[in-house]
Amino acid sequence: MTDRLARVLEAYAFLPIGEQNPKIKQLKGIAGNTKPNPEKLFLADGIWMLSLCEKFNTPLDSLFLCPEHIRTPEAAALAGKLAARVQHRYILSEKTFAKISERGQPDGLLALAKLPFFDLAAFRPAKDAVVLVLDGIEIPGNVGTMLRMADGAGVDAVFFCNRKARMTHPKLIKGSQGAVLSVPRYEFASVEECAAWLEEHAFTIYLADTRAEKFYYDEPFGKKTALVMGSERYGISREWYSCCKNTLIAIPMEGSCDSLNVGVAATVLCYEAVKKNKFLKKK
């Protein structure tokens, strides 16, 4: 045990608990996505993820340490920062810790963190804003990948309607690579509500549809842009075609496949729209 970790353990009260403790059962349920999760908690495992929680001031429910695995000053320092702002602190044995952490070389740090809330009323889209609308996406890994892409591309927000994937699913959290903590995301009760908000805020709505006659690279964009991506199995909900003014755009497919994975397609469209909205016009 490092001297710094010893000081952390001395400064804050940590309760030793075993596998039968209800908190461990809660941890396992959230890690396995097997239990109800009304508080929207997720498992933050390791220095990298917990450093992001610290960076974005993500709310923490509880902190778990395994002293045998905390070997570096960096890990001990992070443990101290996290312990200072969480009420529930626990110590786990190596055996118990190994049954929860999926890391091959665990850092000795785990936390139950709470997904941040983003207030739609506070969202003020700029004239060149690009938002990605996910309509009925079912696979958590796809949602996580698109959140990560949205962060990389500079998308202003991600909207959800007909949401099927649980936002705290471990595959979504992992796939987002921390973007779930930072990319503004807003959920709508229906397609009609989402479309009405977009029209009220003067967005041009584009539906990604393989049947479209217009290809994405022929569209100039350059104004508030909403890109709607449909579910993996069913595509875009039919309501989008009737409840608002929209433009259909497609990605050309030159081979034998008729479409791309939704995450790949969203990447192509988002980077094109952001490039034309935010960068080309500045040159």
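The values are calculated or read from the model by the stated rules, or taken from the named source; none is laboratory data. This is a predicted model, so every value here is computed, not measured. Cβ placement follows ideal geometry from the backbone for every residue including glycine, while neighbour counts extend to all protein chains displayed. Quick note on the areas: whole protein, heavy atoms, side chains included, nothing else; ligands and nucleic acids left out. Shrake-Rupley method; radii C 1.70, N 1.55, O 1.52, S 1.80 Å.
Work out the charge dipole of the chain with +1 on the Cβ of Lys and Arg and -1 on the Cβ of Asp and Glu about the Cα centre, then indicate which of A11, S93, Y216 is farthest towards its positive end.
A11
With a 1.4 Å probe and every protein chain left in place, work out the accessible area per residue of the chain in Å², rounded to a whole number.
Per-residue accessible area for the chain comes out at 50 Å².
Between K223 and K275, with labels modelled 7 Å along Cα→Cβ, what's the label distance in nm to one decimal, could you check?
Modelled inter-label distance: 2.2 nm.
Please provide three numbers in whole Å: the alpha-carbon extents of the stretch 1-58 along the principal axes, with the largest listed first.
Computed over the Cα atoms, the extents are 39, 31, 16 Å.
For the stretch 188-283, which semi-axes, largest first and in whole Å, follow from the square roots of 5 times the eigenvalues of its Cα gyration tensor?
20, 20, 11
For the stretch 1-145, just say rounded, prolate or oblate: build the C-alpha gyration tensor, square-root its eigenvalues into a ≥ b ≥ c, call rounded for a/c under 1.5, and beyond that prolate if a/b exceeds b/c, oblate if not.
Numbers: a/c = 2.21, a/b = 1.64, b/c = 1.35.
Since a/c reaches 1.5 and a/b is larger than b/c, the shape of the stretch 1-145 is classed as prolate.
Which FRET efficiency value, to the nearest 0.05, do you get for S93 and R124 by plugging their Cβ-Cβ distance into 1/(1 + (r/R0)^6) with R0 = 45 Å?
0.35
Rounded to the nearest 0.05, what FRET efficiency do R238 and E138 have when you use their Cβ-Cβ distance and R0 = 25 Å?
It comes out at approximately 0.90.
At a 10 angstrom cut-off on C-beta neighbours, averaged per residue, how do the peptides 145-154, 166-175, 205-214, 250-259 rank from highest to lowest?
In descending order of packing, they fall as 145-154, 166-175, 205-214, 250-259.
Determine the gain in length on full extension of the stretch N261-W48; use 0.36 nm per residue of separation and subtract their C-alpha separation, reporting nm with one decimal.
73.9 nm
Go from 0 up to the bin containing the longest alpha carbon distance in the chain, width 10 Å each, and give me the % of pairs per bin.
Whole-percent P(r) values from 0 Å outward: 6, 27, 28, 18, 14, 6, 0.
Of A79, S242, G46, whose Cα points farthest to the positive end of the dipole of the chain (charges on the beta-carbon: +1 Lys, Arg; -1 Asp, Glu; origin at the Cα centre)?
So the residue we want is A79.
Quick one: net charge of V191's neighbours, Cβ under 11 Å, K/R +1, D/E -1? Please list the in-between numbers first.
Values: positive: R238; negative: D135, E192, E193, E239.
Counting the neighbours of V191, the net charge comes to -3.
Gain in length, Q20 to E192, computed as 0.36 nm per residue apart minus the alpha-carbon separation, to one decimal in nm?
So the chain would gain 57.2 nm between Q20 and E192.
What's the carbon and sulfur percent of the stretch 1-132's accessible surface, probe 1.4 angstrom, rounded to a whole number?
Result for the stretch 1-132: 52 percent of the exposed heavy-atom area is carbon or sulfur.
What whole-number distance in Å separates the alpha-carbon centres of the stretch 213-283 and the stretch 81-116?
If we compute the Cα centre of each part, the gap is 40 Å.
Where the only charges are on Cβ atoms (+1 Lys, Arg; -1 Asp, Glu), what is the dipole of the chain about its Cα centre, to the nearest 20 debye?
Working: 38 positive and 32 negative charges, 109 e Å.
Rounded to the nearest 20 debye, it is 520 debye.
Contour minus end-to-end for Q105 and A6, with contour as 0.36 nm per residue of separation and end-to-end as the Cα-Cα distance?
33.5 nm
Counting Lys +1, Arg +1, Asp -1, Glu -1, what net charge surrounds C244 among other residues with beta carbon under 12 Å of its beta carbon? Mind showing how you got there, number by number?
Working: positive: K245; negative: E192, E193, E199, E200, E239.
Combined, the nearby Lys, Arg, Asp and Glu give -4.
Explain nothing, just the number: dipole magnitude of the stretch 1-131 about its Cα centre with +1 on each Lys and Arg Cβ and -1 on each Asp and Glu Cβ, in debye rounded to the nearest 20.
It comes to approximately 240 debye.
How far apart, in nm, are the 7 Å Cα→Cβ label points at K55 and R71?
Simple spin-label model gives 2.4 nm for this pair.
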